[in-house]
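**Student:** One structure, as structure tokens, below. Some questions next.
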Amino acid sequence: MTTTEQSGMPATSLQDIIGHAKEYGFVFPSSEIYDGLQAVYDYGQNGVELKNNLKAVWWKAMTQLNDNVVGIDSSIFMHPLIWKASGHVDSFNDPMIDNRDSKKRYRADQLLELKAEEYANAGDEARSTALLQEMGRLLGNNDLDGVRNLIIAEGIKDPVSGTDNWTEVRQFNLMFSTQVGSLAEDASLIYLRPETAQGIFVNFLNVQKTGRMKVPFGIAQIGKAFRNEIVARQFTFRMREFEQMEMQFFVRPGTEMEWYERWRDTRMKFHQALGLPAERLKFHPHEKLAHYANAAVDIEYKFPFGFREMEGIHSRTDFDLKAHQEMSRKKQQYFDNDIDPATGKAYGNYIPYVVETSVGADRLFLAVLCNAFTKEVVRSGAPGEGDEQKERTYLKLHPALAPIKAAVFPLVRKDGLPDKAEQIMKSLRSEFRVVMEERDAIGKRYTRQDLIGTPFCIVVDYQTMDDDTVTIRYRDTTEQIRVPINELKSRIGQEVSMERLLEQM
């Protein structure tokens with residue numbers, strides 16, 4: 001008999017996650033045989049399944065659970081005036097600072113945020129809050145000299161050189177540019193989109209009219225975005241090519257704060273339903289609001305490197321639609337037939353306000369992977385038979401998110417057991433992703449599937465050939481039970497159902 005207990009295992013580090021992700025087919029460094037490309041990653045055979053499952057559950061949560069949210073898929077290349085109207089050409093910048101001794105470059109705001117986090121971890125919340133507020137004030141006033149002086153005053157030193165020999169703070173635009181045209185002399189400058197939201201805004205009226213949508217309604221989109229991050233680090237948390245899952249919710253002016261609070265709470269519930277524990281999630285209101293927002297909050301997850309933003313919820317006012325109306329000279333108005341109780345007349349024409357939810361698919365992937373990575377000390381043997389202990393590592397993924405739902409193992413590679421296992425695999429694979437493994441000892445096969453996060457292993461043995469029953473082993477508890485083959489599809493299907501997961505949202 002084996003019992004499992006949580007013990008004083010060392011904390012999971014980001015290097016643990018990176019090593020596991022590569023070894024078990026989740027994430028590979030891009031272009032690795034050419035020594036890689038910084039801050040660009042490829043998703044492996046298991047990683048792409050997990051990421052696709054996360055995208056699928058987000059899409060269903062948005063468009064299936066809400067009868068007033070629909071989806072689109074806009075293009076990566078868009079007219080360059082879109083980015084002028086949105087403010088990205090003029091103000092999509094990060095404040096950067098260099099250390100003259102190490103020649104390393106850092107984001108000035110992140111240096112200050114790390115210092116504030118240091119104060120908070122030491123129990124000095126007041127000092128942490130005051131520092132963030134002062135940073136927000138300086139950045140809001142574009143006082144870059146003040147930001148540099150604040151870094152020096154806080155005693156922030158370069159972790160490489162150990163000195164505070166800082167350069168001035170400068171702003172760097174984050175957009176990638178390229179050219180479109182068959183001839184160099186005719187080419188036009190365009191940008192790879194730095195966000196997916198603008199593709200939604202410029203299609204607002206297309207969707208509203210063709211879908212006969214009535215305010216309030218939302219438009220959801222999943223797509224690639226690109227940012228020339230100067231300081232890209234922390235694995236898939238900050239990349240130059242990444243994927244966003246965004247929803248823009250169009251509302252009547254004056255109701256935006258009600259919807260902002262509703263979506264803020266809905267989005268937190270979504271992350272908890274995925275299995276991210278409440279104690280590792282928190283809201284972080286913005287000290288410095290973007291130029292388009294009148295309210296903003298981040299949902300942060302506690303990664304191995306601390307609490308960091310995973311999703312943003314923003315009340316964007318009517319900034320975007322109004323800016324595109326002015327730049328394109330095409331009206332972006334909605335006619336509201338509902339009666340205004342204050343006047344007794346229809347609300348009439350107005351530019352809707354917008355509440356945005358924006359989550360990084362890669363950051364959510366990393367949060368789920370970090371949360372699932374589990375190390376336990378396992379005590380082997382029945383009571384009185386010794387106290388031998390060993391370490392067990394597995395991915396405790398929600399069954400609906402797991403890359404592989406079930407693995408079928410013939411106990412031995414003879415006597416018809418592999419053929420029977422293959423029959424079972426084929427009977428299940430139309431319902432969910434299932435694999436068959438027959439190499440190595442059964443214990444090693446269990447371990448491999450644990451490390452991938454497979455919730456169920458099905459063992460075909462000699463008894464199976466007599467009575468059509470198999471053993472199911474449960475990943476999290478290692479419990480094993482005997483069940484008829486004809487019950488496998490319903491038993492496993494219920495556990496791995498995405499619809500069951502959606503019911504928790």
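The values are calculated or read from the model by the stated rules, or taken from the named source; none is laboratory data. Small disclaimer: the values here were computed from a predicted structure and weren't measured. When we count neighbours, we look across all protein chains shown, and the Cβ atoms used for this are built from the backbone with ideal geometry, even at glycine.
**Student:** Restricting attention to the stretch 339-363, report how many residues are touching a residue at least 24 places away in the same chain (Cβ under 8 Å) and either under 30 Å from Arg227 (Cα atoms) or exposed (fewer than 12 other Cβ atoms within 10 Å of the Cβ) (or both).
**Tutor:** Of the residues in the stretch 339-363, 13 are touching a residue at least 24 places away in the same chain (Cβ under 8 Å) and either under 30 Å from Arg227 (Cα atoms) or exposed (fewer than 12 other Cβ atoms within 10 Å of the Cβ) (or both).
**Student:** Just for strands (runs of 3 or more DSSP E) wholly inside the stretch 211-289: which have at least 1 residues that are more than 30 Å from Tyr106 (Cα to Cα) and over 16 Å from the mean Cα position of the chain (by Cα)?
**Tutor:** 217-226, 241-251
**Student:** Of the residues that sit in the stretch 44-63 and are touching a Phe, Trp or Tyr at 6+ places or on another chain (Cβ under 8 Å) and more than 24 Å from Arg267 (Cβ to Cβ), which one is surrounded by the fewest Cβ atoms within 10 Å (Cβ to Cβ)?
**Tutor:** Here the residue is Gly44.
**Student:** Applying the selection to the stretch 328-364, what residues are among the β-branched types (Val, Ile, Thr), assigned to a strand (DSSP E or B) and within 28 Å of Glu195 (Cα to Cα)?
**Tutor:** Within the stretch 328-364, Val354, Val355, Thr357, Val359 meet the criteria.
**Student:** Within the stretch 131-150, can you find the residues that are modelled with pLDDT of 90 or more and among the small types (Gly, Ala, Ser)?
**Tutor:** Scanning the stretch 131-150 gives a single hit, Gly146.
**Student:** If Gly199 passes every condition in (1) at pLDDT 95 or above; (2) touching a strand residue (DSSP E or B) at 6+ places or on another chain (Cβ under 6 Å); (3) over 24 Å from Leu397 (Cα atoms) but one, which one does it miss?
**Tutor:** Gly199 satisfies all of (1) at pLDDT 95 or above; (2) touching a strand residue (DSSP E or B) at 6+ places or on another chain (Cβ under 6 Å); (3) over 24 Å from Leu397 (Cα atoms) except (2).
**Student:** Considering only strands (runs of 3 or more DSSP E) fully contained in the stretch 413-505, which possess at least 3 residues that are touching a strand residue (DSSP E or B) at 6+ places or on another chain (Cβ under 6 Å) and surrounded by fewer than 18 Cβ atoms within 10 Å (Cβ to Cβ)?
**Tutor:** 480-484
**Student:** Before we move on, is Ala407 of a type in the set (Gly, Ala, Ser), surrounded by fewer than 20 Cβ atoms within 10 Å (Cβ to Cβ) and part of a strand (DSSP E or B)?
**Tutor:** Against the criterion (of a type in the set (Gly, Ala, Ser), surrounded by fewer than 20 Cβ atoms within 10 Å (Cβ to Cβ) and part of a strand (DSSP E or B)), Ala407 does not qualify.
**Student:** Got a number for residues in the stretch 211-245 being closer than 18 Å to Tyr301 by Cβ, modelled with pLDDT of 95 or more and charged (D, E, K, R)?
**Tutor:** Here the count works out to 1.
**Student:** Related question: Look through Phe217, Phe201, Phe226, Phe242 and report the one residue that is out of contact with any helix residue (DSSP H, G or I) (no Cβ under 8 Å at 6 or more places or on another chain), crowded, with 18+ Cβ neighbours inside 10 Å and in contact (Cβ under 8 Å) with a residue 12 or more places away in the chain.
**Tutor:** Answer to the check: Phe226.
**Student:** Right, next: Tally time: how many residues in the stretch 26-44 are touching a Gly at 6+ places or on another chain (Cβ under 6 Å) and touching a residue at least 24 places away in the same chain (Cβ under 8 Å)?
**Tutor:** 2
**Student:** Is it the case that Gln179 is assigned by TED's automatic domain parsing to the domain that holds Arg238 and exposed (fewer than 14 other Cβ atoms within 10 Å of the Cβ)?
**Tutor:** In short, yes.
**Student:** Taking the stated definitions as given, is Phe235 aromatic (Phe, Trp, Tyr), in the same structural domain as Ala11 (by TED's automatic domain parsing) and on the phi > 0 side of the Ramachandran plot?
**Tutor:** Yes.
**Student:** Determine whether Glu300 is touching a strand residue (DSSP E or B) at 6+ places or on another chain (Cβ under 7 Å) and acidic (Asp, Glu).
**Tutor:** Yes.
**Student:** If you don't mind, there's one more thing I want to ask. Of all residues in the stretch 81-104, how many are surrounded by 15 or more Cβ atoms within 10 Å (Cβ to Cβ), of a type outside the set (Val, Ile, Thr) and modelled with pLDDT under 90?
**Tutor:** The number of residues fulfilling the criteria is 6.
**Student:** Oh, and also: Within the stretch 64-75, which residues are among the small types (Gly, Ala, Ser) and surrounded by fewer than 15 Cβ atoms within 10 Å (Cβ to Cβ)?
**Tutor:** If the condition is that a residue be among the small types (Gly, Ala, Ser) and surrounded by fewer than 15 Cβ atoms within 10 Å (Cβ to Cβ), then Ser75 is the only one that fits.
**Student:** So Leu274 ticks every box in (1) closer than 21 Å to Asp94 by Cβ; (2) touching a residue at least 60 places away in the same chain (Cβ under 8 Å) but one. Which box is left unticked?
**Tutor:** Every condition holds for Leu274 apart from (1).
**Student:** Within the stretch 325-334, does at least one residue satisfy the condition of being under 29 Å from Leu276 (Cβ atoms), buried (at least 16 other Cβ atoms within 10 Å of the Cβ), in contact (Cβ under 8 Å) with a residue 60 or more places away in the chain and touching a Leu at 6+ places or on another chain (Cβ under 7 Å)?
**Tutor:** no
**Student:** Show me the strands (runs of 3 or more DSSP E) found entirely inside the stretch 51-165 where at least 3 residues are touching a residue at least 24 places away in the same chain (Cβ under 8 Å), closer than 30 Å to Ala367 by Cβ and not aromatic (Phe, Trp, Tyr).
**Tutor:** Hits in the stretch 51-165: 69-71, 93-98.
**Student:** Looking at the stretch 73-88, can you tell me whether even one residue there is in the same structural domain as Phe249 (by TED's automatic domain parsing) and among the β-branched types (Val, Ile, Thr)?
**Tutor:** yes
**Student:** Let me ask you something else. For a quick check of your reading of the model, give me the residue pairs whose first member lies in the stretch 313-324 and is within 11 Å of Ala290 (Cβ to Cβ), whose second is hydroxyl-bearing (Ser, Thr, Tyr) and modelled with pLDDT under 95, with beta-carbon atoms closer than 6 Å and at least 6 apart or on different chains.
**Tutor:** Arg316/Tyr292; Phe319/Tyr292
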